[in-house]
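For reference, the structure discussed in these notes is given below.
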Amino acid sequence: MSRAGARAPAFVPAQHPVRPVAVRERAAPLAVRERAPADRPRERLAALGASALSDAEVLALILRTGMNGLGVLDLAARVLTRAGGPAGLARATPGELARFPGLGPAKAAEVVAALELGRRAARALAAERPQILSAADAAALLAPRLAPLDHEESVALLLDQRHRVLREVTVGVGGVAQSPMDAREVFAAALREPCAAAVLVAHNHPSGDPSPSPDDVAVTRRLAGAGELVGIELLDHLIVAGAGWVSLRERGVFVGGAGLGRRRVATGAMPGPSSM
């Protein structure tokens with residue numbers, strides 16, 4: 001056969017061995033003990049307080065352990081999702097919770113008991129909270145502690161919509177001239193407090209004279225304006241001293257908002273409003 005009529009050899013592709021593709025297995029969720037200390041619910045509670053925890057972290061502390069293949073934090077998140085959040089969890093019966101995967105009768109009972117204890121504590125706290133219906137109510141609450149001090153101290157009462165005291169916070173030491181009440185500090189504390197709707201501030205005059213100074217008046221007006229901006233009313237600013245107390249709202253230093261009533265309480269060891 002001539003060279004021109006010869007067939008070209010067929011093309012044979014090179015053979016390469018087929019390498020199996022590695023399948024990456026999904027990592028198992030970390031157990032609580034395997035997490036960094038700063039990410040563990042118990043350590044976070046100790047360092048930051050219970051309010052810093054997520055709903056799942058709070059429930060995980062109650063459950064304590066997870067189930068096969070599921071850490072306690074993931075189990076808590078699943079339970080909350082299935083229950084419809086904390087509100088749904090609070091409405092669930094022990095029998096309903098016991099049917100949740102990973103719970104059972106014992107853990108269901110613990111969850112229900114913890115929720116009931118929280119409800120009872122909330123009722124007890126509500127019953128104990130003093131209600132501020134007048135400047136005199138606030139003076140009766142604050143003057144016994146502030147009036148005898150030998151240095152000036154400024155405090156804020158954080159109040160709910162019914163003017164019940166949620167918390168008292170110190171917002172300045174040294175007097176409004178040396179250490180003025182900072183509006184940011186006062187209202188930041190109120191914004192951090194759940195259910196806070198109003199603020200009442202007070203400070204003492206160690207001289208015994210509760211008459212407001214120009215600095216007292218200026219600070220009060222700044223606080224009232226800041227309260228309007230953030231939507232939390234400044235109810236009053238009281239000055240307490242050995243000779244009595246003064247309400248700067250009743251003195252006409254600032255107006256606006258609902259304010260407080262003018263109901264008085266009988267005076268005894270607690271001096272009444274000063275007429276200075």
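Read the figures in this text as sums done on the coordinates, not as results from a lab. No experiment lies behind these values; they were computed from the predicted model shown. Here the Cβ positions follow ideal geometry from the backbone for every residue, glycine too, while neighbour counts run over all protein chains shown.
Below is a table of values for the structure above.
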read-out	value
Burial ordering of Ser154, Ser213, Ser207, fewest other beta-carbon atoms within 10 Å first	Ser207, Ser213, Ser154
Relative contact order of the range 32-128, defined on C-alpha pairs under 8 angstrom at six or more residues apart (%)	18 percent
Test item: Cα-centred dipole of the range 135-247, Lys/Arg +1 and Asp/Glu -1 on Cβ, debye	280 debye
Amide H partners (placed H, <5 Å) of Leu166, local residues excluded	Leu158, Leu159, Asp160
Protection proxy ranking, peptides 68-74, 243-249, average beta carbon neighbours within 10 Å, highest first	243-249, 68-74
Relative packing of peptides 199-205, 225-231 - highest average C-beta neighbours within 10 Å first	199-205, 225-231
Tensor-based shape of the range 32-128 (alpha-carbon gyration tensor, a/c under 1.5 rounded, otherwise prolate or oblate)	oblate
Cut-off 20 Å, label 7 Å out along Cα→Cβ of Ala121, residues of the range 97-114 by amide N	107-114
Cα-centred dipole magnitude for the range 83-140, charges only on beta-carbon of K, R (+1) and D, E (-1), debye, nearest 20	160 debye
Thr170 paired with Ser51, simple spin-label distance in nm, labels 7 Å along Cα-to-beta-carbon	1.8 nm
Using a Förster distance of 35 Å, the FRET efficiency for Val230-Arg64 (Cβ separation, nearest 0.05)	0.30
